[in-house]
């Protein structure tokens, strides 16, 4: 049997102590309850404090469980909260890019569209909220697979259907594309899902830098590309939007 | 200067720009818009809500003027532009809030009395005499109720020592917040323009909708000397120029060119320029306004008849208005009082976990029923409960309550105006709730459309100011700016809709007569 790490065991004991009975405890109470030297106990408490699992009351100097610990059990960001936060930024992205905007999250083995802003022209369009898109071929899906490990394994396990002649189905090539996505901070789909359609997407992170979704524009390949390249101002606009939504989520009070 | 003058805002095109002030109930904001109606910069500051007694709500008008100056300067700075880039400034405001001030010192004689304030309840009943609350409805379009500005002014004259004499001597000026802001912007004691627009004037109970002038007889009945009233002007014309003070240094000479009450500004910002076009703003409460063109429609269904807008010397456009007291507030109640959700957005998640309302209906008549019933003896009810019903069904019922209440107002509007609703343009915070918007389309049986700029109120004021100075040529230019961000089409089976509506109406019936000694 491998030896356990003593300081982790001690830290766990401290958390248990703080979780039961009297919620706020002073350093000497904690040290004596666990039969530790004060210096040792203080070192562990300081570390726990730094990662947010323990908080120290400023007035009394006593310790209690930290908000971060509570969050561990409830990390799930409500998708409707995500939409509400994204609304103004995605409207602005649609206006500045002239294209339709989609916000997607991982759902089962695909991308669930949770928000859709119409392309700002007078054409008839149908709201696609609730629709699913594939993970391996769309820009939204590639962003999720590149940043979210769960989405990554889903994308690898799922059968990667060839929708067009340009769909990447081979696992190694797909991994290389995800590497590029992480390096550049955005993903693209040029006629890999639908003929004649291109999209650009970037990741949305919450306050702990966890990837919670992807936002992007979708439109005719002729409009998204110029001289064979995706238009850099569109890429910049998509990334600005993703950053703005992330910032908004970061400002969220628990 | 030329139109291709660069303001150095690469991501937002080039100037020139229009600024709009939104002097609202909880804060003052200034937004700078470009020619396409896109937001370039925003600044906002909240002001204090003063509650001297239960039911009383006041604002410090001097604080509001200070904040307005700050947010205008703040928005200009954030946009990185100067006075040369701004073609005009427009104003939209919380309606009916009333301030009186000394024309020589510019100092308010009392805190402003806010529209929500109910201190004039008794006065309004007294003014109804033997006729009741419809005594002035034919002329003003309004019932005698504590919201409106005229009775608030009378209360101030009665209760601030020596004010009546000063008013009769011509030393006191009356204003709603548009008037207060314009007077100060255009110089204050140094030649400030004492004006209001037709939409704000239509909420005083002192203006005759047929003549668009102060009604001497009504003013006398209510007890407000007409000498203190501002000149009534259109909603889109140059009232004066920014002059004096800190803003004078920054923006002196810029035309002050529009004023619209907030709900009318939203109607304008939603480009509801044709008869029958209707907008609904979903916040804590909901305000629905229908353009009725040149027709003054007397409501027999408990709606208000009001002025929609007037552009320069064109004919005024009238409107019907219906308000719902509790919509977003019910979601907040579920969050704060019931603790069933932790954020307002979660109501959708909870509601989506079930297929339907499970037979439950929630009528949030927390402070009685408003349009079209006007029953102050009603109180809230959750009807149709069985052991099958879960919190998720209640969440559905909460969202459905907003949609059914909208349907009832829409029905009342159709009944009064004879115009069927062809589409509903929506704005406000609750439009991010996808399930609610779909339910709304299903219950109203008309497409529900969300525009791309959420700030329709400020945009309306900017549009009106831009029209006044020729920045935009006509309302067609503005329509061209309007962009559909989303549209929900009705999917509900007519039979189910009718059956559900019947159940809702049954639930509404059960709220009535709860309070027994309602006078």
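Out of all the residues in region A:50-63, which are loosely packed, with under 15 Cβ neighbours inside 10 Å and in contact with a helix residue (DSSP H, G or I) (Cβ under 9 Å, 6 or more places away or on another chain)? Spell out how you get there, then give the answer.
First, pick out the residues of region A:50-63 that are loosely packed, with under 15 Cβ neighbours inside 10 Å: A:50-51, A:57-61.
If the condition is that a residue be loosely packed, with under 15 Cβ neighbours inside 10 Å and in contact with a helix residue (DSSP H, G or I) (Cβ under 9 Å, 6 or more places away or on another chain), then A:51, A:61 are the ones that fit.
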Can you name the residue in region B:33-80 that is buried (at least 23 other Cβ atoms within 10 Å of the Cβ), within 14 Å of chain A (Cβ to nearest Cβ) and touching a strand residue (DSSP E or B) at 6+ places or on another chain (Cβ under 7 Å) and is also nearest to residue B:462 (Cα to Cα) among such residues?
-> B:33
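Here are some residues: B:66, B:25. Which one is over 30 Å from residue B:477 (Cβ atoms) and part of a loop (DSSP other than H, G, I, E, B)?
Details: B:66 fails: part of a loop (DSSP other than H, G, I, E, B).
Among B:66, B:25, only B:25 is over 30 Å from residue B:477 (Cβ atoms) and part of a loop (DSSP other than H, G, I, E, B).
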Counted residues, region B:198-236 - those being surrounded by fewer than 19 Cβ atoms within 10 Å (Cβ to Cβ) and assigned to a loop (DSSP other than H, G, I, E, B) = 5
Any chance residue A:108 is more than 9 Å from chain B (Cβ to nearest Cβ), at positive phi and either in contact with a helix residue (DSSP H, G or I) (Cβ under 7 Å, 6 or more places away or on another chain) or modelled with pLDDT under 90 (or both) = yes
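If we scan region B:462-477, do we find a residue that is more than 14 Å from chain A (Cβ to nearest Cβ), surrounded by 23 or more Cβ atoms within 10 Å (Cβ to Cβ), assigned to a helix (DSSP H, G or I) and out of contact with any strand residue (DSSP E or B) (no Cβ under 6 Å at 6 or more places or on another chain)? Quick ask: steps written out before the conclusion?
First, pick out the residues of region B:462-477 that are more than 14 Å from chain A (Cβ to nearest Cβ): B:462-475, B:477.
Filter again for surrounded by 23 or more Cβ atoms within 10 Å (Cβ to Cβ), leaving B:462-468.
Now drop any that are not assigned to a helix (DSSP H, G or I), which leaves B:462-468.
Pick out the ones that are also out of contact with any strand residue (DSSP E or B) (no Cβ under 6 Å at 6 or more places or on another chain) and you get B:463.
Yes: one or more hits.
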Does residue A:156 qualify as being crowded, with 20+ Cβ neighbours inside 10 Å and farther than 18 Å from residue A:105 by Cβ?
-> no
List the pairs whose first member sits in region B:421-438 and is more than 10 Å from chain A (Cβ to nearest Cβ) and at positive phi, whose second member is in a helix (DSSP H, G or I) and surrounded by fewer than 22 Cβ atoms within 10 Å (Cβ to Cβ), and whose Cβ atoms are under 8 Å apart, counting only residues at least 6 apart or on separate chains?
-> B:428/B:328
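Does residue A:144 satisfy the condition of being part of a helix (DSSP H, G or I), surrounded by fewer than 18 Cβ atoms within 10 Å (Cβ to Cβ) and more than 14 Å from chain B (Cβ to nearest Cβ)? Outline the logic, then answer.
Details: part of a helix (DSSP H, G or I): yes; surrounded by fewer than 18 Cβ atoms within 10 Å (Cβ to Cβ): no; more than 14 Å from chain B (Cβ to nearest Cβ): yes.
So residue A:144 fails the test.
Quick check on my filter: what residues within region B:331-369 are part of a loop (DSSP other than H, G, I, E, B), within 14 Å of chain A (Cβ to nearest Cβ) and either touching a residue at least 40 places away in the same chain (Cβ under 8 Å) or touching a helix residue (DSSP H, G or I) at 6+ places or on another chain (Cβ under 6 Å) (or both)?
Residues of region B:331-369 that are part of a loop (DSSP other than H, G, I, E, B), as a first pass: B:337-345, B:353-360, B:364-365, B:367.
Okay, now just the ones that are also within 14 Å of chain A (Cβ to nearest Cβ), so B:340-345, B:353.
Answer for region B:331-369, where residues must be part of a loop (DSSP other than H, G, I, E, B), within 14 Å of chain A (Cβ to nearest Cβ) and either touching a residue at least 40 places away in the same chain (Cβ under 8 Å) or touching a helix residue (DSSP H, G or I) at 6+ places or on another chain (Cβ under 6 Å) (or both): B:340, B:341, B:343, B:344, B:345, B:353.
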Got a sec? Which of A:97, A:137 is surrounded by 22 or more Cβ atoms within 10 Å (Cβ to Cβ), out of contact with any helix residue (DSSP H, G or I) (no Cβ under 9 Å at 6 or more places or on another chain), within 20 Å of residue A:203 (Cβ to Cβ) and more than 10 Å from every other protein chain (Cβ to nearest Cβ)?
-> A:137
Check off (1) more than 23 Å from residue B:509 (Cα to Cα); (2) touching a strand residue (DSSP E or B) at 6+ places or on another chain (Cβ under 8 Å) for residue B:338 and give me the number that stays unchecked.
-> (2)
Count of region B:168-188 residues which are in contact with a strand residue (DSSP E or B) (Cβ under 9 Å, 6 or more places away or on another chain) and either at positive phi or part of a loop (DSSP other than H, G, I, E, B) (or both) = 3
Extreme residue, nearest to the other protein chains (Cβ to nearest Cβ), among residues of region B:489-519 that are more than 30 Å from residue B:374 (Cβ to Cβ) and touching a residue at least 12 places away in the same chain (Cβ under 8 Å) = B:489
Please specify each residue of region A:111-129 satisfying the condition of being facing chain B (nearest Cβ under 8 Å), touching a strand residue (DSSP E or B) at 6+ places or on another chain (Cβ under 6 Å) and assigned to a loop (DSSP other than H, G, I, E, B).
-> A:118, A:127, A:129
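The values are calculated or read from the model by the stated rules, or taken from the named source; none is laboratory data. Predicted model only: the values in this text are computed from it and were never measured. Backbone-built Cβ (ideal geometry, glycine too); neighbour counts: all protein chains shown.
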